[in-house]
Every structure is written in C-alpha cells, then in structure tokens.
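Below you'll find the structure, written out as structure tokens, and then a few comments.
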Amino acid sequence: MKPFRDLPIQRKMLLMTLLICGAVLLVAIAALFTFQVLNFRSNFQRDTATLATIIADNSTAALAFKDAKAGAEVIGSLHAKPTVVAASLALPDGSLFAQFGKPEDATGLSQFPPAAGFRFSGRYLLCTQPVELDKKKVGTLYLRSDYRQTLVQLLGFYGLVILGVMVASIALAVLLSSRLQRIITDPILKLAQTAQAVGVKKDYSLRVTASSQGDELGRLTQSFNEMLSRIQNQDAALSRSQQKLEALVHSIDGIVWEATPDTFQFTFVSRQVERLLGYQPEEWLTNPQFWQEKLHPEDAARAIQTCHDMVARREPYNYEYRMIAADGRTVWIRESGVVLIENDQPAAVRGIFLDITEQKLAASELDKLNKQLLETSRQAGMAEVATGVLHNVGNVLNSVNVSTTLIREKLRGSEVASLVKLGGLLRQHEADLPAFLTADPKGKLVPRFIIQLAGELGAEHTLLQKEQDHLAHNVEHIKEIVSMQQNYARVSGILEPISVANLVDDALQINAAGFSRHGVQVVRQYSDVPPATADKHKVLQILINLVHNAKYALDDSGRLDKRLTVGIGMNGNNCFKITISDNGIGIPSENLTRIFSHGFSTRKGGHGFGLHSGANAAKEMGGQLSVHSEGVGQGATFTLELPLTRQKTEPRTEPPTEQRTET
Amino acid sequence: MRSQPTTRRKWLLSLVGLCLAGAWAAAADTGPVAGEYQVKATFLYNFTKFTDWPPRVFASSNAPIVIGIVGEDPFGKTIDEVVSGEVVGGHPLVVKRLHADDDLRSCHVLFISRSEKERLPAMLSRLKGSPVLSVGEINGFAEQGGMVNLLLANKTVKIEINQAAAEQAGLQISAKLLKLARLVKS
C-alpha cells in the first residue's frame, strides 16, 4: 500500500471526500443516535408514565370498591403493551390486589420506588404509580416494563438504518466526487502530463491546452504555457549563443583546450586540433594520456614537469615544447594556460596551444642570418675599417699633401732664386765689387738685400724644416695606420697606456698646417685626466676624423673668426671625454641623427664612413661618440667619451643606433 | 448475583407480605359483620366520589355532602371514622342518621338499612326523582327502584346499580363504578 502522499490525486481526492463524508456522517449519526438513545429512555418513561396514569385512573373504582376482578381486568389490559411484563395493584396497606403478567412477589415489589416514580433496574423500568381517587390514595399500581428489548430492537433498527444511510451516502459521495473532482483534477492532470512529456522529450514546444477557467488553475495553466514559451525562447537563444561560441572557439587559430589539473586528461579540445595536429578531438578526449603520448620524446619530461609546476603555482603560464602530429611531423607548440580554482582547489586547467613552428623556423633562420650578418658585418666592418683607414690615411695624406705643397710652394717661391739672382749680380760686378757695393745704387741695396734675404731664407728654412717634420710625422702616422689595419684584421686593438692630452695634440698637429692656412684659431681647454688605457690608434683615427670634419665645417662657413675649441675632461662615469667644437656651418637638426649613418655625408665626394666608423669604434671601445649643434650656422660640438680602462672585448658588429645627443 | 444481605431482606419481606395477605384473608373470613360494614362504609364514602349531583342540591360550593343512614344503623362509628374529615369535590362529608319519616331528601346519599325492608317501596317512591343516591343492602333493592345495592357474596361485597333510577333522579354515576357493578333494571 503506497503511502497516502504518493497516491494519484484523483484517488486522494476521493479518499478525502470519503473521509470527510464518513466523518461527518458518523458525527451526525452518532449525535442522532445518542440523542435517540437518551430520548428513548425518557420517551419510554413517559410512555410508561402515560400508561400507568391511564391504568391507575381506570382502576380507581376497582380499588375503591375492592373489586379484585375488576382490578385484574383493568391491569390485564396491559397485555396490549408488549413491553409491560408485569403489573400489580396494591391496596394502601400494601397488600396485593390484582396482578398481571409475571406474579410479582414481595421481593420484586421492593425494587420499585417506594411511593411514586420510576427506576431503571437492569433491563426493566419499574414504575410506581399511586392510584388516587379524588386526591386520596386508594392504592398503588406497580408496572414493570422491559425496555432493553425495545432498546435492542431500536438499536438494531437504527443500526441497519445507519448502515444503509452510510452506504448510500458514501456511494453518493463517491459518485459525485468522482464527477465533480474532475473539475479540479483534469486541468492538474493535463498539466502534469504535459510537464512530464516536456521533461521526457525535452520538447519545449508543447503547450497545455488552455482551459477556460478564471481561477487559479486557469492562471496556472496560462503561466505554465508562458513559462514554456520563455524556456523555448531561452533555449533557442542559448542554443544559438552556444553554437556561436562553439564556432568561435573552434575558429580560433589555436587549439583551445581544458584538462584536469592532476592527470592532464583533456575534457575539451577544439576542432582546430584536426587542422594543426591532424588528430580528432574524440580520440584526444577518450585517451586520458593522449597529450603525454604525443609529446616529442626530448621535450616530454620537461613539458610534463613544467605543467605540474605551473599548476602547483596556480599562476597563468606559457612555455614551449614540441609535439608529434598525426603524420609524424614535429610541431612546435606554445602552450598558454590558466588554472581554474574552485573551493580553493585546482579544478581545471584551460588554455590554448599555438603552432609556432613557423616562428621557430623563422627564428632559427633569423639566427642564421644574424650570424651571417655578423660575419658580413665583420667583413664589412673590416672593409669599413679599411675605408676608415683609407679615410684617415687620406686625412693624413691631405696633411702630407699640404705639407708637400707648402714645401713645393715655398721652394718654388723660394728666395733662393733671389739669392741666385743676387749671386749673378755680384758675379757680374765681380771685378769692381767694392765699388759696386758702395757706389752703384743697386749695389748699395745689396747688403740690405742680403740681410733681408738671409732672414727670409732662414725663415724659409725653418718653415721647410717644420714642414718636413710634419711630413715625417705624418708618414709615420700613415705607417702606423696601415700596420694597424693589418693588425686589425686578425686581432683587436692593442690597449696601451695613453696620455690623452698628447693624443689630442697629435691629432691637431696632423691638421695643423691646414689650420694655419685657413686661419683657424685653435683653442685648447685641457683639464687633467688620469692616465688611460686605450687603443691609441683607434682613438687617434677618431680624433683625426673629427678634427678634419671640423676643419671642413669651418671652411664651409666662410667665417673670418674660425675657431676650433678642443677640450679634455672627465664625465664622471670613469670616462675621459674629448670635445671638439667649432663655430662652423653647424648641423641642421634633421641631420643630427643621420650624421652617424653609414654612407651619410654632406660633403661632395665624401664617402660618409668617417663618423660612422668613428661611432662604431667608440662603441666598440666601450664609450660613445655624440654630437650637438644649435643648428645651421651655429657650429657643432662632437664629444668622444671613453672609459679610462676597459676589459678586452670581442669585436662587436652591432649596427649603430641613433646616438644620444648631448648638450 | 444478589448478595446475601439482600436475599435475607427479601425473604423477610416475603414473610411480611404473606402475613399481610393472611391477615387480609383472615379479615375477610372472620365475621362478615365487622368487615362487611367497614367495607360498606368505605363504599358509601367512595360512592360520593363516583357520583355527580346536580349543582342545585348544594347551597354553596362547599356545602356538605350528607350521607344519611335511615333505619337501623349497622355501621356504628365506622362510617363516622371513614367519613370524618373527608372532603369530596370541595364538599365535606357529613353523616346523618334519620328516621324513616324524616325528610329523606335532605341527604345526598341515603343508606337504607336492612331494617327498612318493609318500608322500602314507600321510601323509594318518596325519593323518586330526587337527587338522592339510594343505597341498599337487600336483594332486589335495585329492581325496586333503588339505585345502588350492596350485596355480600363470597365474602366480598358486590355492587348492583340501577342506572336508570339514578339518571331519573338527575344523578350521574361514573362509568368506572358502573363497570364494577351489575347493572339492574327496575
């Protein structure tokens, strides 16, 4: 027997109706019954009282006149009342006068109420009725009625009636209930059926046929239908959204994935895995060790360990490794992942695999190219150095040229010719030399002329001597440059202790001829710097180049007050700095950054290597070459900074970056 | 189950009852004289209860009902005892002893003693039409026109009633009494 709450509602309602009807009926019947039973007694009593009164009344005469026969006759009429089992008339003195029914003996009579009244004794009602004639007692009537029999009969009768009524009522209740409860249960059942159908078939297009009820059931049905519509719409929207999302995820150019944080069993893999690795998502998901199996053998251990570590750290991560694709090729994977935390525990790992094979290849290609470039640069650098050397040699040769030109000029315009002419003149007048010298007007000039000539020739000589010195110096320098170039091809520059001031002076000296010729004032602003260790020749080359450029700038400016200021100092970073400033044509701001570029030159016929190789060289030596100019016509200042000492480094072939401009 | 004390009580009462019954029987046996006129006196008294007189015979509502005894008084003080202090229907009862030639119509109930047997018809004719309940104790009393006759038979007093005579006199005798009596016609 199912518990009450699991019964179908129709059964429930029926049972409830039955229960209610039954209970109500029972209460009513019980009440009536009790009422009847209670009433019965009093009714019976009243009935008996009436009877007793009548009999008593009728027996007054018999008693008064002591007519026992008549008395017996009177009470004998009680036979008409079946419930009366015995009756007796007694005279006032207590003696029996007449009897009816079971002879009442004294013991019986004693049960009766003494004077008048009723007593229920067991199954009998005992009635004592005084017989009065004209208010005077003439005797007593004793009635004994059996009420129990009647009662039982009555109860039996009532019982049957009750039973009948109950059966009929219940039948009626069942009938009516089963008809009427449909009003309530039919809509409910319809709802329940539809709800179940919706749940089973997951078909949200079902609807409950709208009942025309305006009560709660009707509203419920309506709400239910509305809810289904809403669900249907939401379902469709969700479906669309999900499809969109799925399409999105599967269209991302990478394998979107999700896996368990402990065993890395994958719970989701996007469709791109087919394209990128040639595997089906299904085979990936069914094999809990799929990822581990497809790792490249060399990377497998590292990859798995890294993954575990990252998950343990619970931070977003990415790292690279190789996997084997379905067709056997190796694919470089960049894995980016995040750890999903739920209830303070890693619940899942999610991320994306990106195919970086091409990038890796490109990187290695790049690497190769870089190496090639390095080599080429080296070669180029060397070529550049050669060019630089040539440039520098060219610079020096310029000076040599200048010197030799000076010498030639000097020699050509040498006053020796005049001396020769004078000699000739003197030879002409050899005979009368004293007279010539003292009398001839021309002759009188000769001593003066000779003295003048001596002076000039002396100066010439000094000049020539100086030039020759310079020449020798420069030639020496060229030799050094060339030998340095020879050395440079094999080993890096030799570091040696240098005196910065001397080095600067040397550079100036090389160009000194040019300065004097072009009227350039050279100003020296030397501060003391500690002895430094550097590649003397390289530094010299840079300085020569700078000075050369300054000279050209000054030349181009056309100023009359050409000035070259050379400074030596420290820059606080344990570097010494040499500044070469001129008030020449300056550098337009747009050229400031390009000035160190390879091949940049503003001079006609310039090959543009000078500053470029100078900057490179400075960088190589751990320093830098920088420039500042206020603009066109404002002159320029080049600053070379180099460390006092430095370790030996590999020749770097970095491309020159834009130099910082310094004030 | 009745308990012992109750049973004993009942036995006692039975005994008493029996004795009473015996006494009664005995009373019935010992001399019709003593008991007879006790009974007849009681009857007379009771007749007043079962008879209706016309209102004119009473001067007022509480005028006495006169029970007259004419002839030899067989009752003695019995009747006086029976009647004394009794009121029937508001009328007190009075006993009067009369001589034959007294105004018999002054009674309501007249007991004609056995001794007046000879004078009976004359008395009855004198009473004829008057609302006096004539009671006799002689055979044939009722046939002669008397209304009620009390006869002793089988140790009991029987009643004979001449209803017509009573009706003629304007007296109404209760049917209850009539029922007990042997109706006689004159």
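For the reader, a short list of remarks on this structure follows.
- Members of the range B:124-139 found to be of a type in the set (A, V, I, L, M, F, W, C) and either touching an Asp or Glu at 6+ places or on another chain (Cβ under 9 Å) or not in a strand (DSSP E or B) (or both), listed by number: B:Leu124, B:Leu127, B:Val132, B:Ile138
- Flag: B:Ala28 matches the condition of being touching a Lys or Arg at 6+ places or on another chain (Cβ under 9 Å) and either in a loop (DSSP other than H, G, I, E, B) or at pLDDT below 55 (or both).
- Listed conditions (1) surrounded by fewer than 16 Cβ atoms within 10 Å (Cβ to Cβ); (2) under 22 Å from A:Ala70 (Cβ atoms) are all met by B:Ser125, apart from (2).
- Of the residues in the range B:92-106, at least one is out of contact with any Leu (no Cβ under 6 Å at 6 or more places or on another chain) and within 14 Å of chain A (Cβ to nearest Cβ).
- Selection from the range A:485-498 of residues that are more than 60 Å from the chain's Cα centre (by Cα) and either surrounded by 17 or more Cβ atoms within 10 Å (Cβ to Cβ) or modelled with pLDDT of 85 or more (or both): A:Ile498
- Checklist (1) among the hydroxyl-bearing types (Ser, Thr, Tyr); (2) in contact with an Asp or Glu (Cβ under 7 Å, 6 or more places away or on another chain); (3) away from chain B (no Cβ under 14 Å) applied to A:Thr48, failing item: (2)
- Considering only residues in the range A:328-372 that are in contact (Cβ under 8 Å) with a residue 12 or more places away in the chain and not in a strand (DSSP E or B), the one that is surrounded by the fewest Cβ atoms within 10 Å (Cβ to Cβ) turns out to be A:Gln359.
- Test result for A:Gln196, loosely packed, with under 11 Cβ neighbours inside 10 Å and either out of contact with any helix residue (DSSP H, G or I) (no Cβ under 8 Å at 6 or more places or on another chain) or assigned by TED's automatic domain parsing to the domain that holds A:Gln289 (or both): yes
- Criterion: part of a helix (DSSP H, G or I), assigned by TED's automatic domain parsing to the domain that holds B:Phe58 and within 15 Å of the chain's Cα centre (by Cα) - qualifying residue of B:Lys176, B:Lys158: B:Lys176
- Single residue of A:Leu63, A:Leu78, A:Leu125 found to be part of a helix (DSSP H, G or I), more than 14 Å from every other protein chain (Cβ to nearest Cβ), touching a residue at least 40 places away in the same chain (Cβ under 8 Å) and buried (at least 22 other Cβ atoms within 10 Å of the Cβ): A:Leu78
- Filter pass, A:Glu274 being part of a helix (DSSP H, G or I), within 21 Å of A:Glu358 (Cα to Cα) and free of Cβ contacts under 8 Å to residues at least 40 places away in the same chain: yes
- Only listed residue being touching a Phe, Trp or Tyr at 6+ places or on another chain (Cβ under 7 Å) and among the aliphatic types (A, V, I, L, M), chosen from A:Leu32, A:Leu51, A:Leu89, A:Leu96: A:Leu89
Each row is one residue, and each column tells you yes or no for (1) free of Cβ contacts under 8 Å to residues at least 24 places away in the same chain; (2) within 14 Å of another protein chain (Cβ to nearest Cβ); (3) in contact with a His (Cβ under 8 Å, 6 or more places away or on another chain); (4) of a type in the set (Phe, Trp, Tyr).
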position	(1), (2), (3), (4)
A:Gln111	yes, yes, no, no
A:Asp134	yes, yes, no, no
A:Arg148	no, no, no, no
A:Gly156	yes, no, no, no
A:Leu160	yes, no, no, no
A:Ser169	no, no, no, no
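- Per the listing A:Phe33, A:Phe118, the residue uniquely in a helix (DSSP H, G or I) and more than 10 Å from chain B (Cβ to nearest Cβ) is A:Phe33.
- Test result for A:Ala90, within 17 Å of A:Lys66 (Cβ to Cβ), at pLDDT 85 or above and within 12 Å of another protein chain (Cβ to nearest Cβ): yes
- Checklist (1) within 11 Å of chain B (Cβ to nearest Cβ); (2) under 16 Å from A:Thr140 (Cβ atoms); (3) crowded, with 17+ Cβ neighbours inside 10 Å applied to A:Ala98, failing item: (1)
- Restricting the range A:576-609 to residues that are part of a loop (DSSP other than H, G, I, E, B) and among the basic types (Lys, Arg), the residue that is modelled with the highest pLDDT: A:Arg594
- Residue match in the range A:101-108 (condition: touching a residue at least 24 places away in the same chain (Cβ under 8 Å) and in a helix (DSSP H, G or I)): yes
- Number of residues in the range B:64-115 that are within 22 Å of B:Gly145 (Cα to Cα) and among the small types (Gly, Ala, Ser) equals 6.
- Test result for B:Val132, at pLDDT 90 or above and more than 14 Å from every other protein chain (Cβ to nearest Cβ): yes
- Scanning the range A:1-26 for residues that are part of a helix (DSSP H, G or I), surrounded by fewer than 14 Cβ atoms within 10 Å (Cβ to Cβ) and basic (Lys, Arg) yields a count of 2.
- Residues of the range B:143-171 classified as within 14 Å of chain A (Cβ to nearest Cβ), farther than 17 Å from B:Leu44 by Cβ and surrounded by 15 or more Cβ atoms within 10 Å (Cβ to Cβ), total: 0
- Among residues of the range A:501-521 that are in the same structural domain as A:Lys562 (by TED's automatic domain parsing) and touching a residue at least 40 places away in the same chain (Cβ under 8 Å), those with a Cβ under 8 angstrom from a residue that is surrounded by fewer than 17 Cβ atoms within 10 Å (Cβ to Cβ) and hydroxyl-bearing (Ser, Thr, Tyr), sequence gap 6+ or separate chain, pair up as A:Ala501/A:Tyr526; A:Val504/A:Tyr526.
- Number of residues in the range B:91-118 that are touching a residue at least 40 places away in the same chain (Cβ under 8 Å) and surrounded by fewer than 16 Cβ atoms within 10 Å (Cβ to Cβ): the value is 3.
- The residues of the range B:140-155 that are outside any loop (DSSP other than H, G, I, E, B) and farther than 18 Å from B:Ile69 by Cα, listed by number, are B:Leu152, B:Ala153.
- Selection within the range A:453-473 - more than 25 Å from A:Leu397 (Cβ to Cβ) and either of a type in the set (D, E, K, R) or not assigned by TED's automatic domain parsing to the domain that holds A:Glu415 (or both): A:Glu456
- Of all the criteria given as (1) more than 14 Å from chain A (Cβ to nearest Cβ); (2) in contact with a Lys or Arg (Cβ under 8 Å, 6 or more places away or on another chain), the one not satisfied by B:Lys117 is (2).
The values are calculated or read from the model by the stated rules, or taken from the named source; none is laboratory data. Please read all numbers here as calculations on a predicted model, not as lab measurements. Don't worry about glycine lacking a Cβ; one is built from the backbone with ideal geometry, like all the others, and counts go over all protein chains shown.
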